[in-house]
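A short write-up of the structure that comes next.
Here, each number is a calculation from the coordinates, and none is a lab measurement. Values in this document were obtained by computation on a predicted structure and should not be read as measured data. We place every Cβ from the backbone using ideal geometry, glycine too, and count neighbours over all the protein chains shown.
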Amino acid sequence: MKLAKARGEQKNIEENQKSSIMSSEVTAKAKQIQSEIDGLEAESEKMGLQRLKIKVGSENQVGILSSIGGDFDFDYIDVRYDSSTGLYIFEGQGQWKNRNWYNDNGCSPLCVNYSTKNVGGEDGFALFSLHRDISIFNQRYYTLKSDFATAIEWTNTASTNVGARGYGWKWQDNIYFNPNGAEFNSARQFGWYYFAYSDGKPSSGSVVSFKASTSHTWDTTSVSGISLAPWSIGFAWNTGSSHWEKETQINVFY
């Protein structure tokens, strides 16, 4: 695949794929997640997608924790080829396994009903190419509220970082308090983008690794940046130690 061809397909992707992505990917995912919350391990089969082998990455925990990285699980990561565009699609999904996000609210036991409170500063989510430079198109990022039915699109509202090795989003997670129970706006996270290899398709026998990663913060800590350069991949934080990072990766064989 040549980069020039990929660029020539960008307009077609945005015009012809946006509607189907928005309706089939987001709406279908929200409905599937709602019905599959008690059986997420069957998600890929129900979506009709082939899951690639996943190697669970490291879990970095620092400081005195309320929630921990083990409260979050990446349950889907995939790289697939779209023959209609000549591009690849990289997608990562994960969610909280419990309601321990509530422990990070910073106001218990004095949280006020019918109010919304930010949980620390901005969190981060990123999709990295570990070994090859890529050109990125048509990136999307969403979260689901803790009802696992209400989707929030952050594509045009989140702070973003883009580089030769991937794309990242920074957004503000929060909790809405009400008498019937608290509602978290980031219980599930999923993002994807189309991409082309900058120097052409990897040769036969090559192995290219990709990583999906999220960073959660609370108290006064915030994700201040996401590095996506060949020599530096990962998150940076402004101050404090109230954060954790969870990641997973796959190897794609050509």
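Could you compute the net charge surrounding Asp219? Neighbours are other residues with a C-beta less than 14 Å from the C-beta of Asp219; K and R count +1, D and E count -1. Walk me through the intermediate numbers first.
On the way: positive: Lys117; negative: Asp104, Glu122, Asp123, Asp173.
Combined, the nearby Lys, Arg, Asp and Glu give -3.
Full extension from Lys201 to Cys111: what is 0.36 nm times the residue separation minus their Cα-Cα distance, to one decimal in nm? Walk me through the intermediate numbers first.
Working: separation 90, 0.36 × 90 = 32.40 nm, distance 5.31 nm.
Residue separation times 0.36 nm, minus the Cα-Cα distance, leaves 27.1 nm.
Quick one: length gained pulling Asp73 to Asn251 fully straight, 0.36 nm per residue minus the C-alpha distance? Don't skip to the answer; put the middle values down first.
Working: separation 178, 0.36 × 178 = 64.08 nm, distance 1.86 nm.
Once the chain is fully extended between Asp73 and Asn251, it gains 62.2 nm.
Globularity index of segment 76-153 is 1.52 (Cα radius of gyration / 2.2 N^0.38 Å, N = number of residues). If you look at the Cα atoms of segment 137-241, you get an Rg and a Dmax of 16.6, 58 Å.
Quotient of the Cα radius of gyration of segment 179-254 and 2.2 N^0.38 Å, N being its number of residues: 1.50. A Förster distance of 30 Å, applied to the separation of the beta-carbon atoms of Asn238 and Asp147, puts the FRET efficiency at 0.45. Residue-wise HN-Hα couplings along segment 111-122, as the Karplus relation 6.51 cos²θ - 1.76 cosθ + 1.60 with θ = phi - 60° gives them from phi, are 5, 9, 4, 6, 10, 10, 10, 5, 9, x, x, 5 Hz; Gly and Pro carry x.
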